[in-house]
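Notes for the one structure printed next.
The values are calculated or read from the model by the stated rules, or taken from the named source; none is laboratory data. Just so it is clear, the structure is predicted and the values come from calculations on it, not from any experiment. We place every Cβ from the backbone using ideal geometry, glycine too, and count neighbours over all the protein chains shown. Surface accessibility is based on the protein's heavy atoms, side chains included, excluding ligands, DNA and RNA. Shrake-Rupley method; radii C 1.70, N 1.55, O 1.52, S 1.80 Å.
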Amino acid sequence: MCSVAQAVAPSRPIWTNDPQLFAYNAAIALFNDPKSARPITTAVGLIESEYRTHLKTLIAIHGHAVDIEALALSAPSFCDFQKYSEIKAPQISPTEGIYNLFLSIYSNTYFGVEQSMEIDSIRRAVDVCFSQKRISSAEFRLLLLALGRALLRVATTTGHFAQFLTPSESNFRKYVAQRRRSVWRAFLESLDVFVPMGDEQWRKVNMAFNNDALNLLNHLKGQPHRPGVVYADPPYTSDQYSRYYHLLETLILYDYPKVTSKGRYREQRFQSTFCLKAHAARSLNTMVEASASLGADLVLSYPTNGLVYRSGVDVIDIMRRHYHKLDLVRSVSHHHSTMGASKGVVKAAVTEQIFVGRS
Ligand SMILES: C[S@@+](CC[C@H](N)C(=O)[O-])C[C@H]1O[C@@H](n2cnc3c(N)ncnc32)[C@H](O)[C@@H]1O
């Protein structure tokens, strides 16, 4: 997320947009927020005692589950590990106000019991210090982003949040190593990832939006200030990004969502029409048309195996319909990650294309 904007920063003003809250907040932290007068480690110092107090409370209440988990994680073999089957189901009711969301909804899925307690405790500490005005809103955001990155680092997954690993003979060592990782340590190691870019003046003129691109472009049409260039790399497969972002959204919202399916996805997560074969071409056409009618140039990144092509439509035809000056500036053979090889292969060969339409 935010990689293209980071590549052009701070040479020109940047407006970012993503319907996913975590990506939106990352953009604000990098391109909009004021730089704090004090280092982020000062804010960490302020939240640490709140964190430790809540962690102690959760461990005191659910000590049995923590003990069983410790025994399981020190088991010499997978067979011994399986004997501690109780750890699979600590029945803890999600209770708003108690800060046990991760413990009650996600422990023994993406995270262990103690890891979930650490997440809830850091999340609570950040809320408490922000509500007491001991940390600023920019620090609040940076701490949550660092915690989100820590979640990605320690989770027991194949590298993303669409599904979690089920322990087996073959992944047992990796599984245990991940479960033993400390969320607090990963959080501290993630603090310098989201450092505000550019200077104060530059960040003041940037903007961040949290919207469907089709709504946003439509809205901008009526505004006095409009973008000069739109860069878009919309999703091109049927895999909804919200499957990969759901835990990060929940971390930000901390709203005890109803979850569904084995991956425990939030109900009513964002569904992008770019990921629906029957809608992808129409959505791309609407986006290209809206960019052109704003008077903006459009830089579009879209690969040859994308859903638009698979629905029988050529992207160049859509671009030509709305932009008379058009170049295919890059066509690069590439390998895309298949995000965990759910379709059999880890990397898929593809031609990545970058089109530029000039208004
Ligand atoms: C390939 S990623 C973008 C990467 C980003 N441009 C960068 O520089 O790192 C695609 C993004 O499109 C977002 N997305 C999906 N559908 C969208 C829509 N209808 N409107 C706006 N953004 C959308 C996803 O949440 C995802 O973050």
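Values as computed for the structure displayed
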quantity	calculated
Verdict on Ala72 being surrounded by 21 or more Cβ atoms within 10 Å (Cβ to Cβ), within 16 Å of the ligand (Cβ to nearest atom) and of a type in the set (A, V, I, L, M, F, W, C)	no
Residue check, Val308 over 23 Å from the mean Cα position of the chain (by Cα), more than 14 Å from Ala162 (Cβ to Cβ) and among the hydrophobic types (A, V, I, L, M, F, W, C)	yes
Options Thr338, Thr351: the member that is open to solvent by less than 50 Å² (accessible area, probe 1.4 Å), within 27 Å of Thr158 (Cα to Cα) and modelled with pLDDT under 80	Thr338
Segment 47-88, residues that are within 17 Å of Ala177 (Cα to Cα), part of a helix (DSSP H, G or I) and of a type in the set (Gly, Ala, Ser)	Ala70, Ala72
Tabulated pairs, segment 274-297, first under 16 Å from Lys325 (Cβ atoms), second in a helix (DSSP H, G or I) and open to solvent by less than 30 Å² (accessible area, probe 1.4 Å), C-beta under 7 angstrom, 6+ apart or interchain	Val288/Ile318; Val288/Met319; Ser291/Leu217; Leu294/Leu217; Leu294/Leu220
Spans of helices (runs of 4 or more DSSP H) in segment 108-204 with at least 1 residues hydroxyl-bearing (Ser, Thr, Tyr)	113-131, 137-154, 172-179
Filter pass, Tyr241 being open to solvent by 60 Å² or more (accessible area, probe 1.4 Å) and under 22 Å from the mean Cα position of the chain (by Cα)	yes
Residues that are near the ligand (Cβ under 10 Å from one of its atoms) and either surrounded by fewer than 16 Cβ atoms within 10 Å (Cβ to Cβ) or of a type in the set (Lys, Arg) (or both), drawn from segment 264-273	Gln271
Cβ-Cβ under 8 Å pairs, at least 6 apart or on other chains, segment 1-18 side closer than 17 Å to Arg226 by Cβ, far side near the ligand (Cβ under 8 Å from one of its atoms)	Ile14/Ala5; Thr16/Cys2; Thr16/Ala5; Asn17/Asn211; Asn17/Ala213; Asn17/Leu216
Residue that is modelled with pLDDT of 95 or more and touching a Leu at 6+ places or on another chain (Cβ under 6 Å), where the choices are Ala208, Ala155, Ala146	Ala146
Condition met for Gln91 (part of a helix (DSSP H, G or I) and of a type outside the set (Gly, Ala, Ser))	no
Subset tally (residues that are open to solvent by 30 Å² or more (accessible area, probe 1.4 Å) and part of a loop (DSSP other than H, G, I, E, B)) for segment 224-238	8
Flag if Ala232 is more than 15 Å from the ligand (Cβ to nearest atom), closer than 17 Å to Val356 by Cβ and among the small types (Gly, Ala, Ser)	no
Leading residue by the ranking (nearest to the chain's Cα centre (by Cα)) among those in segment 274-304 that are open to solvent by 50 Å² or more (accessible area, probe 1.4 Å) and within 16 Å of the ligand (Cβ to nearest atom)	Leu276
Yes/no for Ile92 being surrounded by fewer than 19 Cβ atoms within 10 Å (Cβ to Cβ) and under 27 Å from Ser261 (Cα atoms)	yes
Single residue of segment 8-62 satisfying the filter (among the aromatic types (Phe, Trp, Tyr) and open to solvent by 20 Å² or more (accessible area, probe 1.4 Å)) that is farthest from His246 (Cα to Cα)	Trp15
Some residue of segment 99-106 being over 24 Å from Ala146 (Cβ atoms) and either open to solvent by 20 Å² or more (accessible area, probe 1.4 Å) or in contact with a Lys or Arg (Cβ under 7 Å, 6 or more places away or on another chain) (or both)	no
Filtered residues of segment 190-223 (kept if under 25 Å from Tyr241 (Cβ atoms), loosely packed, with under 15 Cβ neighbours inside 10 Å and away from the ligand (no atom under 15 Å from the Cβ))	Val195
